[in-house]
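Worksheet for the structure shown next.
The values are calculated or read from the model by the stated rules, or taken from the named source; none is laboratory data. None of these values were measured; they are calculated from a predicted model. So basically every Cβ, Gly included, is an ideal-geometry build from the backbone, and we count neighbours across all protein chains shown. Only protein heavy atoms, including side chains, enter the accessible area calculation; ligands, DNA and RNA are left aside. Shrake-Rupley method; radii C 1.70, N 1.55, O 1.52, S 1.80 Å.
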Amino acid sequence: MSTAKVLSLETVLVQQPGNIASDMDGEKVMLNIKNGKYYNLGEVGGEIWSAMAQPAPVSRIVEVIRETFDVPAETAEQDVLEFVHNLLAEDLIAIDSAS
């Protein structure tokens, strides 16, 4: 099943355990303990990551990005969906099945 078909603004996402994230010069970097990979999430990606510390619907994450960076809703939605698709592909986040 493709994540493109599963993700909507109502989809609730949450961080997977086993990641250590830290702020470096305004950007968030992360180490995944399971696969040993480092990730530079950047400034926007760091905000998206932080928004998923607790289960959050994609719509809330989009709103956080829209407000934080003062971008149009359509731009925020497109950027968030693209970024979370990448996080899902790397198994760094999960769709919260409890919601």
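Scanning the range 79-95 for residues being of a type outside the set (Asp, Glu), surrounded by fewer than 18 Cβ atoms within 10 Å (Cβ to Cβ) and not in a helix (DSSP H, G or I) gives a total of 2. So how many residues does the range 30-82 have that are in contact with a Phe, Trp or Tyr (Cβ under 6 Å, 6 or more places away or on another chain) and touching a residue at least 40 places away in the same chain (Cβ under 8 Å)? Residues meeting the conditions: 1.
Scanning the range 24-37 for residues being out of contact with any strand residue (DSSP E or B) (no Cβ under 7 Å at 6 or more places or on another chain) and assigned to a strand (DSSP E or B) gives a total of 1. Taken together, ALA76, ALA21, ALA4, ALA98 contain a single residue that is part of a helix (DSSP H, G or I) and at pLDDT below 95, which is ALA4. If only residues of the range 15-52 that are among the β-branched types (Val, Ile, Thr) and in contact with an Asp or Glu (Cβ under 9 Å, 6 or more places away or on another chain) are counted, the one that is most open to solvent (accessible area, probe 1.4 Å) is VAL44. Residues of the range 38-59 that are out of contact with any Ser or Thr (no Cβ under 7 Å at 6 or more places or on another chain), farther than 19 Å from GLU82 by Cβ and part of a loop (DSSP other than H, G, I, E, B): ALA53, GLN54.
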